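For reference, the structure discussed in these notes is given below.
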Amino acid sequence: MIELHIILLFMIVAAFLAIEMRGLLSSVIALGAVGMGLVLQFLLLRAPDLAIVQLVVEILILIILIRATVKLDRPSESRLRENWAYLFCVLLFGGVFLFFGYRALTGLPVFGDPAMRVSSYYIENALEGTGAANIVSAILLDFRAYDTLGEVTILFTSIVGAIAVLRKIGRKK
Amino acid sequence: MKEHGMSLPVKRITRITVALIFFYGLYIAIHGHLSPGGGFAGGVIFALSMIHIVLAFGRENTMKVLSGAAASMLESAGALAFLLIALGGVFAGAFFLNFLPEGEPFSLFSAGTIVFSNMAIFVKVGAGLFAVFLVMALLRTDDSVQNNEGEDR
């Protein structure tokens, strides 16, 4: 478990760097470090499906972000003035978030303890019920295919919206 | 008329590697019910192979392989195919019922409709993400000056 915490610390440091860096390209590369740390986390937690998806989506996002930022690399200068009201807000919201986060997370079951009824049914019946050797595919595309249909609809709608907003026809100068 | 895309070594290497990346994505999607991966991951790799062509050869040459309109049509066809597989279950009893035979576990043609759902999602995600990337690349070259077109990276 100690390696999980080391990678988590690395991701937190990289996330801070992504905010604090001057120059957009450095920020984008620090953001990529956060994503690659997440890939390692998924591999250590034995979730190769999630690791593959996270890896390829991270590469796609990095290509799009670098392509969008590499020619307009301007340092960001607009920052909040650091006075006492700013510090007070940070401490107040940080404290509230930590308090309720502690209260909520201590009530969860122990990590890696599959006590849920539905998931134990899936684990026992995935191979006999569907014939798929990969249980993640069996759950995504057979047991919970309604959720996948909703996900496909969301992706379809967002892509149609992006194309409709960014298309060449009908754009005014 | 300047030449589009990157330099000659990049283009030569790209000719070799694009096919490898594309077939790796296809492998991940087809074997989604046997090994880690699935339609979504395979589709993103498919989109990445097409983006590879855009980065190496420029946008104009890529539009001859797969234009934006064709990518949009492929995406819609993938979504419709997924919905048709779901509707096929209605005739066998219930929405999203796995109506095909299960087959022998750990063989390629097993798990009934899961293989075809993976392929539909593969086409849909790959073509959709590639269409979004094409639209974004188009937006940038419109905003920048036209003589930047040659070094379209």
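Scan the stretch B:25-34 for residues that are part of a helix (DSSP H, G or I) and within 10 Å of chain A (Cβ to nearest Cβ) and jot them down. Reasoning before the result, please.
The first filter runs over the stretch B:25-34 and keeps only residues part of a helix (DSSP H, G or I), leaving B:25-33.
Of everything in the stretch B:25-34, those that are part of a helix (DSSP H, G or I) and within 10 Å of chain A (Cβ to nearest Cβ) turn out to be B:Gly25, B:Ile28, B:His31, B:Gly32, B:His33.
State all residues of the stretch A:110-136 that are within 18 Å of B:Phe116 (Cβ to Cβ) and either touching a residue at least 12 places away in the same chain (Cβ under 8 Å) or in contact with a Leu (Cβ under 7 Å, 6 or more places away or on another chain) (or both); if no residue qualifies, say none.
Result: A:Gly129, A:Thr130, A:Ala133, A:Asn134, A:Val136.
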Residue check, B:Gly5 against (1) under 29 Å from A:Val39 (Cβ atoms); (2) touching a Phe, Trp or Tyr at 6+ places or on another chain (Cβ under 6 Å); (3) not in a helix (DSSP H, G or I), all met but one. Which one?
(1)
Test B:Glu60 against the stated conditions and say whether it is closer than 25 Å to A:Glu128 by Cα, charged (D, E, K, R) and at pLDDT below 80.
no
Count, please, the residues in the stretch A:96-142 that happen to be modelled with pLDDT of 75 or more, assigned to a helix (DSSP H, G or I) and in contact with a helix residue (DSSP H, G or I) (Cβ under 6 Å, 6 or more places away or on another chain).
9
Evaluate the stretch A:25-41: report whether one residue or more is within 14 Å of chain B (Cβ to nearest Cβ), surrounded by 14 or more Cβ atoms within 10 Å (Cβ to Cβ) and at pLDDT 85 or above.
yes
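For A:Gly150, are the conditions met, namely being modelled with pLDDT of 85 or more, among the small types (Gly, Ala, Ser), farther than 30 Å from B:His33 by Cα and outside the structural domain of A:Gly32 (by TED's automatic domain parsing)? Don't jump to the end; show me each part of the working.
Values: modelled with pLDDT of 85 or more: yes; among the small types (Gly, Ala, Ser): yes; farther than 30 Å from B:His33 by Cα: no; outside the structural domain of A:Gly32 (by TED's automatic domain parsing): yes.
No.
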Looking for something more than 13 Å from every other protein chain (Cβ to nearest Cβ), in contact (Cβ under 8 Å) with a residue 40 or more places away in the chain and over 12 Å from the mean Cα position of the chain (by Cα) - is there at least one such residue anywhere in the stretch B:35-48?
no
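The values are calculated or read from the model by the stated rules, or taken from the named source; none is laboratory data. None of the values given here were measured: they were computed from a predicted structure. Neighbour counts run over all protein chains shown; Cβ positions are idealised from the backbone, glycine included.
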